[in-house]
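The values are calculated or read from the model by the stated rules, or taken from the named source; none is laboratory data. None of the values given here were measured: they were computed from a predicted structure. Cβ sites come from the backbone with ideal geometry, for glycine too, and all protein chains shown count toward neighbours. What goes into the accessible areas is simple: the full protein's heavy atoms, side chains included, and nothing from ligands, DNA or RNA. Shrake-Rupley method; radii C 1.70, N 1.55, O 1.52, S 1.80 Å.
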Amino acid sequence: MSERKQVRAATSQLASIVDSADDAIIGMTLDGIILSWNPSAERIFGYSAEEVKGRPISILILPERYTERKQAQQLLIQRTAELEAANKELEAFTYSVSHDLRAPLRHINGFSKILLEDFGPQMNPAAKEYLQGIHETAQYMGRLVDDLLHLARVGRKELILQITGLDALVEEAIVDLRTEAQDRQIDWQVGPLPFAECDPGLIKQVFANLLSNALKFTRPRERAVIEVGQMTVDGQPVIFVRDNGIGFDMRYADKMFGVFQRLHRQEDFEGTGVGLAIVERIIHKHAGRVWAEAEVEKGDTFYFTLLPPGQARMETMPMIGGKACRQAK
Amino acid sequence: MSAGEIDILLVEDSSTDVDLTLHVLRQSTLANRTYVARDGEEALEYLFGRGAYSDRGPECPVKLILLDLKLPKVDGLTVLSAIKNGLHTKVIPVVILTSSREEKDVMNCYDLGANSYVQKPVDFDHFREIVKQLCLYWLRVNQPPAVAAFSAKQRRRAR
């Protein structure tokens, strides 16, 4: 075969590979002007070769992607707004129900107490015991309701962010716990803590709840060791609260943060199981994470993240959408 | 409809809460004469000698008002406002005794001149302790002005 025929055969072979390919194959100049456009490109993009040849690639392709991204971004914003609205509704409902439950509970509590006081001596011992049961249950339910109210209120509260020294919050929380801590041997080990951009009132509560739990579950120990400090995990600052108490079974680690979830018996350790739910709610409001590690009888550690000063102003819009907007300009 | 000395005016619409509060007040010997108004309108008529109480004089011998916020007919805040603006009534200590602890309720009450704001606890022993303390403070420890002299001074100032 002559050279010319060889070249023609090679060219047409290459051309048929391009024409029959399933993928879109687009020939462009270095400036992005379209020179060739194969049948798959026509199929995928919906433009014929005549429509696109000689035109810059950016006009044809990015707007479509831009539309897709814009739609995805809009959907995400919409879904986030719906989720927030649903959350707010749930919190308002929880608040209003808990609030309405208080008065009837007070009445049950009151009348059972008055009965016990005024008529106790004349009562059959069994009857008195049952009445005592009613009274105590009403009291417990009162605590549950107050705790639920507390949780709902925390959820509804607007964050007031300011740069806060976490050391000061821990100190205040420890001072508040001194009554519980008296007559006990407690080794408080508080390391240096960073500054964070947060709502000081709410984060103080996080420390108060975690430290109160630490105090409670180290009661069986002759000498309680409670540590508060910071560490770095994946480049992010993490605060931890560690104790040498009775710990818990890691199989139930996820359940612990649920409302009214308890991993110990009421007779052994008092509480309604809302403390950690409140901690989680507050940390999530601060766009942080909270988790725990433990070993039965060896103690436990609670970790949480907060944003360092300056990062709390991050937009909630996803970065993908943000970039797409910038590119389209 | 006695026009005599009344220690406490209890303004509360729930009959059960009235029963419980009266029980506690009876146990505490500090509050011997308590009058109960079941809604805002009755409270105002009693305090200002209007309507059903027009036979009462303008001077008000009530030493302490325990006021709930959620009241039928005329609500607690309106009653509070009327009390704190009334010539003879503004000097009477008003303790808001209510279920709510909403920040805006607390603010509004203090804004209108409430002397104290107390949330009714669910626990009865706690409730009893609080009511006893309130009575002890406002009826014994606190020094009120002589009502007649105070009213006279207000009248002179108003001219």
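What are the pairs with Cβ atoms under 9 angstrom where one residue, in the range B:10-24, is more than 15 Å from A:LYS113 (Cα to Cα) and within 9 Å of another protein chain (Cβ to nearest Cβ) and the other, located anywhere, is small (Gly, Ala, Ser) and surrounded by fewer than 20 Cβ atoms within 10 Å (Cβ to Cβ)? Sequence gap at least six, or different chains.
Within 9 Å, the pairs are B:SER14/A:ALA103.
Of A:ILE26, A:ILE33, A:ILE44, A:ILE17, which residue is touching a Gly at 6+ places or on another chain (Cβ under 9 Å) and away from chain B (no Cβ under 14 Å)?
It is A:ILE33.
Cβ-Cβ under 8 Å, sequence separation 6+ or interchain: first residue in the range B:108-137 and within 13 Å of chain A (Cβ to nearest Cβ), partner among the aromatic types (Phe, Trp, Tyr) and surrounded by 21 or more Cβ atoms within 10 Å (Cβ to Cβ). Which pairs?
B:LYS120/B:PHE127; B:PRO121/B:PHE127
Filter the range A:236-282 down to the residues that are over 19 Å from A:ARG143 (Cβ atoms) and part of a loop (DSSP other than H, G, I, E, B), then identify the one that is most open to solvent (accessible area, probe 1.4 Å).
A:ASP254
Against the condition touching a helix residue (DSSP H, G or I) at 6+ places or on another chain (Cβ under 6 Å) and either in a strand (DSSP E or B) or within 25 Å of A:LYS157 (Cα to Cα) (or both), how does A:VAL225 come out, does it pass?
no
Examine the range A:98-121 for a residue that is closer than 25 Å to A:VAL274 by Cβ and more than 11 Å from chain B (Cβ to nearest Cβ), and state whether such a residue exists.
no
State all residues of the range A:85-140 that are of a type in the set (Gly, Ala, Ser) and closer than 21 Å to A:GLU270 by Cβ; if no residue qualifies, say none.
Those that are of a type in the set (Gly, Ala, Ser) and closer than 21 Å to A:GLU270 by Cβ: A:SER98, A:SER112, A:GLY133, A:ALA138.
If I filter the range B:55-74 for residues that are without any contact (Cβ under 8 Å) to a residue 60 or more places away in the chain, assigned to a helix (DSSP H, G or I) and of a type in the set (Gly, Ala, Ser), do I get at least one hit?
For the range B:55-74, residues without any contact (Cβ under 8 Å) to a residue 60 or more places away in the chain, assigned to a helix (DSSP H, G or I) and of a type in the set (Gly, Ala, Ser): absent.
In this structure, is A:GLY133 more than 37 Å from the chain's Cα centre (by Cα), facing chain B (nearest Cβ under 9 Å) and farther than 23 Å from A:LYS285 by Cβ?
Judged against the criteria, A:GLY133 is not a match.
Of (1) of a type outside the set (Ser, Thr, Tyr); (2) under 35 Å from the mean Cα position of the chain (by Cα); (3) loosely packed, with under 15 Cβ neighbours inside 10 Å; (4) closer than 27 Å to B:THR16 by Cα, A:PRO121 satisfies all except one. Which?
Of (1) of a type outside the set (Ser, Thr, Tyr); (2) under 35 Å from the mean Cα position of the chain (by Cα); (3) loosely packed, with under 15 Cβ neighbours inside 10 Å; (4) closer than 27 Å to B:THR16 by Cα, only one is false for A:PRO121: (2).
Results for (1) outside any helix (DSSP H, G or I); (2) at pLDDT 95 or above; (3) among the basic types (Lys, Arg), shown as yes or no for each residue.
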residue: A:PRO121; (1), (2), (3): no, no, no
residue: A:GLU136; (1), (2), (3): no, no, no
residue: A:ARG143; (1), (2), (3): no, no, yes
residue: A:ASP146; (1), (2), (3): no, no, no
residue: A:LEU159; (1), (2), (3): yes, no, no
residue: A:THR164; (1), (2), (3): yes, no, no
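Keeping to the range A:155-165, report how many residues are within 10 Å of A:GLU91 (Cα to Cα) and either more than 21 Å from the chain's Cα centre (by Cα) or surrounded by 18 or more Cβ atoms within 10 Å (Cβ to Cβ) (or both).
Adding up the residues that qualify gives 1.
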